[in-house]
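A quick write-up on the structure given underneath.
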């Protein structure tokens, strides 16, 4: 084999090697593998051509260039503090945080330069505007509603930037020291007022209960007297009926019965007792025994 043949062979192999290398380069340039968490913005001759999603993508080698690799993961802006004045002229310092993610990279890279700074500025303006519509008490008590309003307003403002606001948070609402002292005094005064009201209500309730107790006792006494009067009236009616039906003897019989019961009670008393009776009393007892005997007969 001559020297020329060797040179020709080397030249042919070199051409094959260059062709293989070129083919590999074309394949590498034409195939783009995009991670799941990213989107790639492709330019052709300096202009937007396409957006590559996650997975295997094919482009025209040497013409299409991946210019921007954009993460589509959710991002959190650094906590920002901004001053705002409420409707009742109270200066507050609001700490906010916003979460967002890029959904349309072609808008984000060509319409806004610093996404984080732009969103932070937008949030600050919206927070001041919304708090200016509310009193301090409303800011403290309706924080969830305020957060929802801020989130909606921010979404509308950044819609042209291809951004989705996933969450907005108000981390804290701080007051200046003078306002805090005034609110503390107001709180202490309110507590004292509630304590006085509670004490007054307790005294009032005690008086009402005492009055109810006295009224109940009076009602029970009146009811007992009424029952006693009814009993006496009933007894009187029975005696009157007996007299009307049996004449005077029935009345004398009742009197004689009471006298005998009284004498029996005296005789059953404890210890030795001396009973002095007038003479006419003995006659009355005799008549009583006769009536009792006659009544039993």
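The values are calculated or read from the model by the stated rules, or taken from the named source; none is laboratory data. Just so it is clear, the model here is predicted, and its values are computed rather than measured. FYI the Cβ positions are ideal-geometry reconstructions off the backbone, even for glycines, and counts take in every protein chain you see.
Checked against (1) within 30 Å of residue 130 (Cα to Cα); (2) in contact with a helix residue (DSSP H, G or I) (Cβ under 6 Å, 6 or more places away or on another chain), residue 72 passes all but a single condition, namely (2). The residues on offer are 95, 88, and the sole one that is within 29 Å of the chain's Cα centre (by Cα) and either in contact (Cβ under 8 Å) with a residue 60 or more places away in the chain or part of a strand (DSSP E or B) (or both) is 95.
The range 101-213 holds helices (runs of 4 or more DSSP H) entirely within its bounds, and those carrying 1 or more residues that are touching a residue at least 60 places away in the same chain (Cβ under 8 Å) and either outside the structural domain of residue 51 (by TED's automatic domain parsing) or more than 30 Å from residue 52 (Cα to Cα) (or both) map to 105-111.
Return yes or no: is residue 71 closer than 30 Å to residue 136 by Cα and surrounded by fewer than 17 Cβ atoms within 10 Å (Cβ to Cβ)? In short, no. Checked against (1) surrounded by fewer than 20 Cβ atoms within 10 Å (Cβ to Cβ); (2) at pLDDT 90 or above, residue 85 meets all criteria but (2).
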